[in-house]
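Single-structure report; data block below.
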Amino acid sequence: MSSAFDEILEFEARADEAVAKLSLWQQPIRSILSVLYLSADSKFVGGRFNRKAQRDDEVGTALINRLSYVSGFFDRCPRLIGADIDDALSVVDKAFLADIEQLLGYAHFCEILPLVRRGFFSVERPTSGFYLAHPSQQFMEHEETDILMSEMVLPHDLVPPPYPIERCVRMVKAWPKIPADDLIGVLKPAYDHYLKNIFELPLLDDDAFAKSFGFARREFLGIRAALMGYADFCLGMADAAELLSIRASPRYRRAALEKEAREWASPLLNRNHVIGVAAGVAGVDPSVAEKITDLFTIVLKDLKQTGGGEGFFPPFLRIDNALLFSPHAVKRMMPERNLLYKMVRTDQKTFDNLVSSHLEPSLLQDAIVCLSSMDGVEVRQNVRWQDGEIDLLAFHEATNTALQVQAKAAVPPQGARMVAQIESRTLEAANQIKRFLELDGGDKDKICSSAFGRKLEGVNWSSAVMMRTCLGTEKSWKGIAGYVPLNPVLLRAVVKRMIGENASLAEIEVVARDELRRLRAMAVLGWHKKSFRLFGETIELPLLSLDYGAISAFRNAVLN
């Protein structure tokens, strides 16, 4: 190990001690989170009250995600809420903002340090700071492809949500009374949108989902859609108040509307009200709505059961009988995968006993449906042979080609620890494939013949590793050299193209690699250096720039 590596680990220990001693933790939690939520909101909208800043959803999302690395300190803070948002923000001064900068730098540091430990970065130690770099060009290329595979399967809106700003303007004008027709006119279309237009591949079948969580998937999807619709209502009210403030007169009226915009961009609202509205819109029993909402709520007196960490930041924070939240976080932090992620962190026993055994069958079922859509392709599941089992075997008699698939359906990774688990599962799949391919041709033909109930000879084989999202690391990509990397979206893209080109299963590796190359050419904009300051040191590292519109276009072309 280099001395620079040792020094960054020593700095990590100093940073842990320093962040714990920040005077920030003596300030109300509402004050801290309101500043952070308003900062994220500014990134999403391009700056309140002027809109001259560049909108950057990725920076706003990263800010929210990184709060997961520091949420463990929140229970140190007073629970005071103040009279209103401006009262909560009245504690903000230069020292407060300086601590916020250190906190955000520390959160980013927590995100990257596990990657340093695992060899994702080499470390250099100039006169001041730490410079991180990828160990090789090949590593960077593998990292690009792995990130693209993760991005292509993320939940997303198929079309933009509705934006009924006129109704929100009327409600701001009527506040504190809200015309019922306008409120319903905002919430119901948003609910319908999020119920019908979010693409998310289910991780479990409906029965396993209900047994694991104690409520039905349709109930979860309904409450999630209603809460996301409520988040859009809050953002619409913030936009409307901002719009009215621009031309408001006299000055006190403008100031009141600006405060109203801040209130809605970082709302603190009665918990029963939020849950009750969501339950009513979704038509779900209030007790179920409460249970679902609680799974995405930080409770300061029991942070361990909150389940946040490594990229998952529960969007709601409970203070007495109120919920403090960022509407943007509500819209981004409630995918089904986070239910599983929380369970892994808080209830490993239930995950092991009820959930884990259902993950792979669900992934395989998706692959079966996809491959079976190809003319003449037959599919068998769990094909046993003397020293192992093929998770999925597809055969095309017209071309005498077969595809063996080894599937590893781990919970989609968040953070370096889970990436390491994905790497382990990927290499396990590669070893299973290797053992099968070491058989002589006659033995492989016999296994295929037995699976499909007729004598088959001279079968041409292809092999694939199928994951829920990505493969994990450069070690994983090297380990599957010669095999086909797949996830559900990439498999759809490959099958769609193969059907169009009347290709055989023998060509699946070429098609899959070509689809990944095509996406890389469209979406990878290159690496740039990013630096931040933390407790007197400058940390510099490479960050990947992506064209998320290109990824969305690729995904939509596959799904439509």
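The values are calculated or read from the model by the stated rules, or taken from the named source; none is laboratory data. Bear in mind that the values here come from a model prediction, so they are computed numbers and not experimental data. Every residue, glycine among them, receives a Cβ derived from its backbone with ideal geometry; neighbour counts consider all protein chains shown. Heads up: the accessible areas ignore ligands, DNA and RNA and are worked out on the full protein's heavy atoms, side chains in. Shrake-Rupley method; radii C 1.70, N 1.55, O 1.52, S 1.80 Å.
Here is how the numbers come out for the structure above:
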read-out	value
Scan of the stretch 122-146 for residues that are within 16 Å of Thr473 (Cα to Cα) and open to solvent by less than 20 Å² (accessible area, probe 1.4 Å), ordered by number	Phe139, Glu144, Thr145, Asp146
Identity of the residue in the stretch 459-480, aliphatic (A, V, I, L, M) and part of a loop (DSSP other than H, G, I, E, B), that ends up nearest to Trp385 (Cα to Cα)	Val459
Residue in the stretch 293-316 that is over 23 Å from Glu111 (Cβ atoms), open to solvent by 10 Å² or more (accessible area, probe 1.4 Å), out of contact with any Gly (no Cβ under 9 Å at 6 or more places or on another chain) and among the basic types (Lys, Arg) present	yes
Top-ranked residue of the stretch 195-247 - restricted to ones that are among the β-branched types (Val, Ile, Thr) and within 28 Å of Ser150 (Cβ to Cβ), ranked as surrounded by the fewest Cβ atoms within 10 Å (Cβ to Cβ)	Ile198
Candidates Glu378, Glu397, filtered to the one that is without any contact (Cβ under 8 Å) to a residue 60 or more places away in the chain, open to solvent by 20 Å² or more (accessible area, probe 1.4 Å) and more than 17 Å from Asn487 (Cα to Cα)	Glu397
Of all residues in the stretch 383-392 being at pLDDT 95 or above and touching an Asp or Glu at 6+ places or on another chain (Cβ under 9 Å), the one that is nearest to Glu428 (Cα to Cα)	Asp391
Lys342 vs. criteria open to solvent by less than 40 Å² (accessible area, probe 1.4 Å), in a helix (DSSP H, G or I) and among the basic types (Lys, Arg)	yes
Selected residue (criterion: farthest from Val369 (Cα to Cα)) from residues of the stretch 478-495 that are modelled with pLDDT of 95 or more and open to solvent by 20 Å² or more (accessible area, probe 1.4 Å)	Tyr483
Qualifying residue in the stretch 341-351 (condition: within 22 Å of the chain's Cα centre (by Cα), more than 30 Å from Ser34 (Cβ to Cβ) and of a type in the set (Phe, Trp, Tyr))	yes
Number of the exception - Leu456 against (1) of a type outside the set (D, E, K, R); (2) part of a loop (DSSP other than H, G, I, E, B); (3) open to solvent by 20 Å² or more (accessible area, probe 1.4 Å)	(3)
Check on Ala88, over 30 Å from Phe199 (Cα atoms), crowded, with 19+ Cβ neighbours inside 10 Å and more than 24 Å from the chain's Cα centre (by Cα)	yes
Long-range neighbours under 8 Å by Cβ, at least six apart or interchain, first residue within 16 Å of Ala225 (Cβ to Cβ) within the stretch 283-301, second polar (S, T, N, Q) and part of a helix (DSSP H, G or I)	Phe296/Asn338
Val284 vs. criteria touching a helix residue (DSSP H, G or I) at 6+ places or on another chain (Cβ under 9 Å), buried (at least 16 other Cβ atoms within 10 Å of the Cβ) and in a helix (DSSP H, G or I)	no
Check on Ser34, within 27 Å of Ile246 (Cβ to Cβ), within 25 Å of the chain's Cα centre (by Cα) and open to solvent by 40 Å² or more (accessible area, probe 1.4 Å)	no
Where a residue in the stretch 245-267 is farther than 21 Å from Lys43 by Cβ and at pLDDT 95 or above and its partner, wherever it lies, is β-branched (Val, Ile, Thr) and open to solvent by less than 60 Å² (accessible area, probe 1.4 Å), with Cβ under 8 Å and at least six apart	Leu257/Val172
Residue within the stretch 323-334 that is part of a strand (DSSP E or B) and closer than 26 Å to Thr469 by Cβ present	no
